[in-house]
Amino acid sequence: MTRSAYFVVMMISVSFCCCNRSRNVVQQIYYSDGNIKSIEYFEGNDTFPLTVIDYYPNGYIKSIGLINRKSNYVGLCKNYYPDGRLADSCEYYDGMCIRQLCNDFPKVENCYIMTDGESNKLYTTGLRSVAPKYRIDFSIYLDGLPHYVCKMYYKYVDSTSYHTIYMNEDNPNFPFTIFTGSKRDTISIYCIFPNDSNQIVIGKTPQLKFNFIVE
């Protein structure tokens, strides 16, 4: 996939700031009614890749991507529907799509947790008892395979605070850890499953909850 190299001879020395980052605009094209049709700019210094954004007449983004010195797309490029929804996205290498990203959300019907020292699977419909002041090392599985790209939080039933669960790459078998408190309580682990484009959409992104009883 290539993009016309006409921008090379139409360099415009215009710069502006957005979100505290300097953008050096190369070219802007407008529709007949004055609405922006496309813009090409460098982030910061005048070094490639060049950011290219195309717009629909209604003002919504049509596509956004990066091009190199040969006018070929590189990195992550996204296309959108006229109503603003993401249509598709792809990772490019020198103009070639090397990985088409799936924008559908994963199906999580067969999702479970495995904890270190336990051979039984913990599903969302189950409960697992753990001791106070106990370390829980666990992994999450989707369709029988380890799944590492979900976002996880935990909270105590009596608390309104959510705590992020981070991945420990030093323990690949059970890379997630939480610690129980000193009193009897219930800990809920919330797992949110974005798609390949890392989207989280209210009402569409799957979310599961797993419960541990501290007693």
Inverse mean reciprocal Cα-Cα distance (Kirkwood Rh) of the stretch 73-158, Å: 16.6 Å
Filtered trypsin sites (Lys or Arg not before Pro), the stretch 43-89: DSSP coil and at most 15 other beta carbons within 10 Å: R69, K70, R85
Directionally averaged projected area (convex hull, Cα atoms, the stretch 114-204), nm²: 7.0 nm²
Approximate spin-label separation T205-T177, in nm, with each point projected 7 Å along Cα-to-Cβ: 2.6 nm
Kirkwood Rh and Cα Rg combined as Rg/Rh, the stretch 153-215: 1.02
Overall Cα dimensions of the chain - principal axes, largest extent first, Å: 71, 33, 33
The stretch 89-145 versus the stretch 62-87: alpha-carbon centroid distance in Å: 29 Å
Among V157, V74, V25: highest mean-square fluctuation, GNM of the chain, C-alpha pairs under 10 Å: V157
Contour excess over end-to-end distance, with Cα ends at N58 and E109 and 0.36 nm allotted per residue: 14.5 nm
Accessible area per residue, Å², the chain with all protein chains present, probe 1.4 Å: 60 Å²
Positive-pole candidate from T164, N195, I213, dipole of the stretch 154-215, charges at beta carbon: I213
The stretch 73-128: chymotrypsin sites (Phe, Trp or Tyr not before Pro) falling in loop per DSSP and having at most 16 other Cβ within 10 Å: Y123
Solvent accessible area, Å² - D94, 1.4 Å probe, full protein context: 60 Å²
Qualifying trypsin sites (Lys or Arg not before Pro) for the stretch 148-211 [loop in DSSP, other Cβ within 10 Å: at most 15]: K183, R184, K204
Gaussian network model of the chain, springs between alpha carbon atoms under 10 Å - residue of T125, T180, T164 with greatest fluctuation: T125
Estimated distance in nm for a label pair at Q28 and E169, the labels positioned 7 Å out from Cα along Cα-to-Cβ: 4.1 nm
Virtual spin-label span in nm between T51 and N35, 7 Å along Cα→Cβ: 2.1 nm
Net lengthening on full extension, E43/Y190 (0.36 nm per residue, minus Cα-Cα): 49.3 nm
Sum of side-chain charges, G117 neighbourhood, beta-carbon under 15 Å (Lys, Arg +1; Asp, Glu -1): 0
Amide proton proximity set for V26, modelled H, under 5 Å, gap of 5+: E40, Y41, F42
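The values are calculated or read from the model by the stated rules, or taken from the named source; none is laboratory data. Nothing here was measured: the structure is a model prediction, and the numbers come from that model. No Cβ is skipped: glycine too gets one built from the backbone with ideal geometry, and neighbour counts run over all protein chains shown. These accessible areas exclude ligands, DNA and RNA; they are computed on the full protein's heavy atoms, side chains included. Shrake-Rupley method; radii C 1.70, N 1.55, O 1.52, S 1.80 Å.
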